[in-house]
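The values are calculated or read from the model by the stated rules, or taken from the named source; none is laboratory data. Being a predicted model, the structure only gives us computed values, none of them experimental. Quick reminder, even Gly has a Cβ in these numbers, built from the backbone with ideal geometry, and neighbours come from all protein chains shown.
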Amino acid sequence: MQPVYFQNLPASGNAAVRTALDSCKPGYALPRYFYTDADLFAYDMRHFVMAHWHCVGHVSMAPNPGDYFTAELAGESFIISRGEDHALHALLNVCRHRGSRVCTESQGHAPNGRLVCPYHAWTYDCAGELLSARVTADDLRRDLLHLKKVRLHVEEGMIFITLAKEPLGLDHVREAFTASAKVYGWARAKVIARKTYQIQANWKLVEENYQECYHCGPAHQEYSKRHTYARPQAQRDAPDEAMRQRDRALGIGLKDLDFYFNKARPGQESADSIRSAMAGNFVTGSRNGAAVAPLMGDFKGKDYDGGFSFVDVGPTSNFVAYPDYALHYRTIPLSADRTAFELMWLVDQDAVEGVDYQVDDVTWLWDYTSQEDKRIIELNQLGVNSAFFEPGPYSPMEIYAQQYSEWYLAALRHAVA
Ligand code: FES
Ligand SMILES: [Fe+2]
């Protein structure tokens, strides 16, 4: 399935993209064109973003038949719904009559498992089958008019979808993502908050920003007080031997920082996982350093281990794991100069709001940090828009942003070769 705006990319596009690729300098940030051009955005979506898997939510967001939530990805809207048979489906949120959005809420329950189009009331079940279409020909082939579907896969409670014709394998994801997610018990978690941040900037500025902590010292004072990862020394040495020993004792499956984006094996989805230490007496990412929710997964009945994990899958799905809560950070490309990112916070499924946790306590740090990120990313776009912008060299503290860009450039070079 190919969205229509991918079908007629301008013939001149390849030459323009090739010229832009030739102008990239190794070890330097990307030139302006990559953050501003609408045709290039279509290339990004078609040749990079759509080729990958993307986490769009958690199973707890649609626990029962008839439950659904919607997710945007690459300019498309999807309905993630649970059918009568309890199976999850990823349906394109485009009516098979004249194309209206079918679901308009971000999350809900379809009465009697029926999704009804608000325009002319064509009615689908939660697996996407067309059940009824008012005042239509007797011989209407309802069986040919089901909502279009894309592939969906659940890994430790997290729901991933892909639009790729030949989806990337998930072996690498199982090694880097699942091993960590299992320890933290994400399959037995629940979502307690979701928040979307609208960013006036290209999606690559959002991801590059996420991938480096060179900016943490100047831009995130609260974050930096709590995480040694913000410090140059910690990035050079991390994880230290004490951290490695704790990780091994916990069974956290890391192979010595060896999984970076551009090291993904051919045909496999990329995933990486990094451990780092909390700073000072902070046991988790909270306002005052104290726990904000009950310990999760294998940590139950044990204690905080003084560390946390960053885990990434594919180009848009980023996760942060503390022993008492998890954060999913999702980059949502919208157009050449507009992006959203969504944060989703999870705690143990048995934790009780008001008793075991307060939503505001769990969400405070990353909401605060994300508002700071929105500001710096938008400032970055304003500068990059300048005709006088010349990319400067990456710092060693931006190694992951640099690797991300190289991974992206390799995909584009392959596409226009
Ligand atoms: S567009 Fe959905 S019923 Fe007409
Ligand atoms: Fe940041």
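Things worth noting here:
- Matching entry among Asp324, Asp298 (being surrounded by 16 or more Cβ atoms within 10 Å (Cβ to Cβ), in the same structural domain as Glu212 (by TED's automatic domain parsing), acidic (Asp, Glu) and touching a residue at least 12 places away in the same chain (Cβ under 8 Å)): Asp324
- Verdict on Thr369 being assigned by TED's automatic domain parsing to the domain that holds Ser317 and either surrounded by fewer than 13 Cβ atoms within 10 Å (Cβ to Cβ) or in contact with a helix residue (DSSP H, G or I) (Cβ under 7 Å, 6 or more places away or on another chain) (or both): yes
- Residue selected from the range 203-230 under the condition among the basic types (Lys, Arg) and either in contact with a strand residue (DSSP E or B) (Cβ under 7 Å, 6 or more places away or on another chain) or closer than 21 Å to Thr316 by Cβ (or both), by the criterion surrounded by the fewest Cβ atoms within 10 Å (Cβ to Cβ): Arg226
For (1) within 16 Å of ligand 2 (Cβ to nearest atom); (2) basic (Lys, Arg); (3) assigned to a strand (DSSP E or B), each residue gets a yes or a no:
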site: Thr339; (1), (2), (3): yes, no, yes
site: Val347; (1), (2), (3): no, no, yes
site: Ala351; (1), (2), (3): no, no, no
site: Ile377; (1), (2), (3): yes, no, no
site: Gln381; (1), (2), (3): yes, no, no
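- If you filter the range 84-109 down to residues that are part of a loop (DSSP other than H, G, I, E, B), more than 9 Å from ligand 1 (Cβ to nearest atom) and touching a strand residue (DSSP E or B) at 6+ places or on another chain (Cβ under 6 Å), you find that the one that is farthest from His54 (Cα to Cα) is Cys103.
Matching residues to (1) part of a helix (DSSP H, G or I); (2) touching a helix residue (DSSP H, G or I) at 6+ places or on another chain (Cβ under 7 Å):
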residue	(1), (2)
Leu152	no, no
Ile161	no, no
Phe177	yes, no
Ser180	yes, no
Glu208	yes, yes
Cys213	no, yes
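- Subset of the range 34-80 (residues that are free of Cβ contacts under 8 Å to residues at least 60 places away in the same chain, surrounded by fewer than 19 Cβ atoms within 10 Å (Cβ to Cβ) and under 19 Å from the mean Cα position of the chain (by Cα)): Ser77
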